[in-house]
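> Please find one structure pasted underneath; my questions will follow.
The values are calculated or read from the model by the stated rules, or taken from the named source; none is laboratory data. Predicted model, so just to flag it, every value in this text is computed and none were measured. Note that we place each Cβ from the backbone using ideal geometry, even for glycine, and neighbour counts take in every protein chain shown. Areas reflect the complete protein model, heavy atoms only, side chains present, ligands, DNA and RNA absent. Shrake-Rupley method; radii C 1.70, N 1.55, O 1.52, S 1.80 Å.
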Amino acid sequence: MRHTPASGIKRRAILSITILFLAMAGLPRGQARAQSGGTTAKLSVAVQQALAASETLVWSDLASRTVRVLIQTYGRVDSDLLAAITQNGGSVVRQFTAIDGVLAALPIASILTIAALPQVERISADHLAQQMSSHLEAATGADQIRSYGILNTIIGLDGSGVGIAVLDSGIMVGHSDFSNGLLSSRVAGSTDIVSSNQNLSQFESRLGLGTLLGGALNLSLLGSNDDGFGHGSHVAGVIAGRSYASWVSRGYMGLAPNASVVDVRVLDGLGLGQVSDVLAGIDWVMANRSAFNIKVINLSLAASSSESYVTDPLCRAVRRAVAAGITVVAAAGNFGLSASLNNGNTGSIPIETYGSIACPGNDPMVITVGSANTHQTDQRSDDTVNYFSSRGPTRGYQLDASGNKQYDNLLKPDLVAPGNRIISAQSAGCTLINQYPGLHQSGSGSTAFMQLSGTSVASPVVAGAAALLLQKNPGLTPGLIKAILQYTAQQIPNANISEQGAGLLNIMGAVQLAGALRRDVSSSIKAVSIAVGDSLLVPPASMPVASSTLGSETFTWGGYIFAGGSHLLAGSELFKHYQRIYDPAVVWVGSQVTINGGPAANCQLITANVINGDPTASISGVFTLGWAITNGLASGMGVAFSQGVTLVNGIIVAGGVTMSEGVTMSEGVTMSEFYNQGEP
């Protein structure tokens, strides 16, 4: 059943911020099994990961550059196997009598050679104390870039050194998810914006909401816990929660479990706030970003606005934050499914609504995230886009001189990430649990966890991913981070670009691509020492293979990005050479280009040989399936710019190719589609 905490009360007021999500039952299942045949099938999942991972594993020997593996055989170990291990650069550490097998130290490059021997049945990792990946880690590919050692040490990328501002309902600082040991917390700083908003308190009283929890602003019942609603703690846990596996649970580890989080409270104990509160929160982040090294802002909230991104105040605020070099991640909204229609004998029919992206997710510079349903499996081949996830394009508008509406029609969301039945930190005594006790999953007090669904849960997944990319490559700009996440995304079957954006988050692929790029892009832009066409690759790196293997599944990257929400660009040239669209100060939408908010005169935006992917979506427009674009690009439907894209006297000039306005939806009413089945 679909629940929203707003049901039954008057919460859809002008300028109010609403948090919507699905609360569903279900727990993560185990990790995906290895493929059924071939040499690779003899390898455990951990050993398979070692073949593709560039990060140090807990069971590796750095001195000899080998990994310790347990090789099990059909029958007793023979001399041929022992000789093969030595001949391939390995050594036998121990032979066993309890099992038919040996412990060997092998170079990674020799693992498949040994596995191919007919007497070898299975090769497993010699784990010291391996932490089992959480469902989120396995479903996004984060488990491919780190491992866990003795005493729960984290080896690999974990968000270290990156500050993430969470603008939400507060964070329960004392929750075990945010513990840093020795009674310290990874909540590095905090501010409370909403408590001083007496207007909001009076507004809620007039609507009869003050009786819930004894009043929206009453935090005294929660002691030192500042998260009265409970949403902010859950979001922060998805980003940076640190919940290790045990004998009875695989844990609920967040995406960046060693990042520091900054609590910016802009929603009250009922999950409400006003645009002005969020603006004040962004102001605070801008003023304190250096003190807490804030590189990422997460906005798991949605404001109802029909105003164009050009003039909407919240959009303007997030654009200013991006221009300052902060990566802003925003929820797409939970308005993708309108009320079902009764279809007589066959029952109700859910209606999937397009043009339902919320603010500030409608801004071209933020990373707007839709919600994917993992169906509680680590494998990705069964993932779908949740019906409730808001669809593009954006429908904010301006009035022209004749009074006609000119819609923004931007391609959104930018991508999707797991956002269905996600388990994370539960704030003690919070409104959500009081109203919906079924959301509780395990534990109590400072070790309690609950389950939520929605784009407000998917957004922090991507915010955590952004922190991992910044740890891997601190020189990335917000535009480069968005492009990397989109380019490496996996295409969801039967999902169009208004549903899935550029595809499903692929952290492993994104980290590989980020690692191939130079580390000084951001500083070089500030110093005006980088030009369009300069190399982006760090010597001697080359573009990684455009595919990823997660678990036992291999898939090709989507290979395209949304430029300014209005054009499809593709090709490895996007990352081989610097493109001006990676400058945080540059906003390119349609034929309009601004730099630091002002009109641009003359500049080159895109280099030659970047591929214009608009022709791949010329027929179906925003309803084009993602895989159709990827296949179209592979078959040559895209056209490479022979001279790049240049702005001359305010006019876009695309050498060799006429640059259209992109794949926007024609003006008119918001469009809907009918479905004959409910949310899985």
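> Arrange the residues Ser196, Ser390 by how much accessible surface each exposes, largest first, with a 1.4 angstrom probe.
Ser196, Ser390
> Between Cys603 and Ala116, what is 0.36 nm times their sequence separation minus the Cα-Cα distance? Round to one decimal in nm.
Stretched out fully, the Cys603 to Ala116 stretch lengthens by 169.7 nm.
> Can you sort Val538, Val318 by 1.4 Å-probe accessible area, starting with the largest?
Highest to lowest solvent-accessible surface, that is Val538, Val318.
> Once you sort the root eigenvalues of the Cα gyration tensor of the stretch 470-617 as a ≥ b ≥ c, which label holds: rounded (a/c under 1.5), prolate (a/b larger than b/c) or oblate (the other case)?
oblate
> Please give the contour-minus-distance gain from Ser535 to Tyr74: 0.36 nm per residue of separation, less the Cα-Cα distance, rounded to one decimal in nm.
160.8 nm
> While we're on this one: Once R0 is set to 35 Å, what does the formula 1/(1 + (r/R0)^6) return for the Cβ-Cβ distance between Ser44 and Ser442, expressed as a FRET efficiency to the nearest 0.05?
Once rounded, the FRET efficiency stands at 0.80.
> Moving on. For Asp100 and Leu51, what does the FRET efficiency come to when R0 = 22 Å and r is the distance between their Cβ atoms, rounded to the nearest 0.05?
After rounding to 0.05, the efficiency reads 0.35.
> Also: Modelling each spin label as a point 7 Å along the Cα-to-Cβ direction, I'd like the Thr191/Gln643 distance in nm, to one decimal.
A separation of 4.8 nm, rounded to one decimal place.
> Where does each of 292-302, 374-384, 395-405 land if you order them by average Cβ count within 10 Å, highest first?
Packing proxy ranking, top to bottom: 292-302, 374-384, 395-405.
> Leaving out ligands, DNA and RNA but keeping every protein chain, what accessible area does Trp588 have, in Å² rounded to the nearest 10, with a 1.4 Å probe?
Accessible surface of Trp588 is approximately 10 Å².
> Still on this structure, I have one more. So how far apart, in nm, are the two label points at Ser402 and His375 if each is 7 Å from Cα heading toward Cβ?
Taking the simple label geometry, Ser402 and His375 are separated by 4.9 nm.
> Using the structure shown, select from Lys482/Lys526; Lys405/Lys482; Lys412/Lys526 the pairs with a Cα to Cα distance greater than 22 angstrom.
Flagged as over cut-off: Lys405/Lys482; Lys412/Lys526.
> Same structure again: Give me the percent of the accessible area of the stretch 579-622 that comes from carbon and sulfur atoms, probe 1.4 Å, all protein chains in place.
52 percent
> Under the Karplus relation 6.51 cos²θ - 1.76 cosθ + 1.60, θ = phi - 60°, what is the ordered set of whole-Hz ³J(HN,Hα) values for the stretch 365-374, x standing for Gly and Pro?
8, 8, 8, 8, 10, x, 9, 9, 9, 7
> How much accessible surface does Tyr436 have with a 1.4 Å probe, in Å² rounded to 10?
Tyr436 exposes around 50 Å² with every protein chain in place.
> Can you work out the FRET efficiency for the pair Thr311 and Ala287, with r the C-beta to C-beta distance and R0 = 25 Å, to the nearest 0.05?
Between Thr311 and Ala287 the formula returns 0.55.
> I would also like to ask the following. On average, how much accessible surface per residue is there in the stretch 531-573, in Å², for a 1.4 Å probe, leaving out ligands, DNA and RNA?
35 Å²
> Give the relative contact order (percent, whole number) for the stretch 577-642; include only Cα pairs under 8 Å separated by 6+ residues.
Once normalised by length, the contact order is 30 percent.
> Moving to a separate point now. Step through the residues of the stretch 228-235 one at a time and calculate ³J(HN,Hα) from phi using the Karplus curve (6.51 cos²θ - 1.76 cosθ + 1.60, θ = phi - 60°), rounding each to whole Hz and writing x for Gly and Pro.
x, 7, x, 6, x, 5, 4, 4
> Another question, if that's okay. Please compute the contact order of the stretch 376-424 in relative form: average sequence separation of alpha-carbon pairs under 8 Å and at least six residues apart, divided by the residue count, as a percent.
Once divided by the residue count of the stretch 376-424, the mean separation gives 33 percent.
> Counting heavy atoms of the protein chains only and a 1.4 Å probe, report the per residue accessible area for the stretch 349-481 as a whole number of Å².
On a per-residue basis, the stretch 349-481 sits at 21 Å².
> Here's a follow-up. Please calculate the 1.4 Å probe accessible area of Phe641, with all protein chains present, and give it to the nearest 10 Å².
Here the accessible area works out near 0 Å².
> Find how much the distance from Ala83 to Ser524 grows on full extension, using 0.36 nm per residue of separation minus their present alpha carbon separation; answer in nm with one decimal.
Separation in residues times 0.36 nm, less the Cα-Cα distance, equals 153.4 nm.
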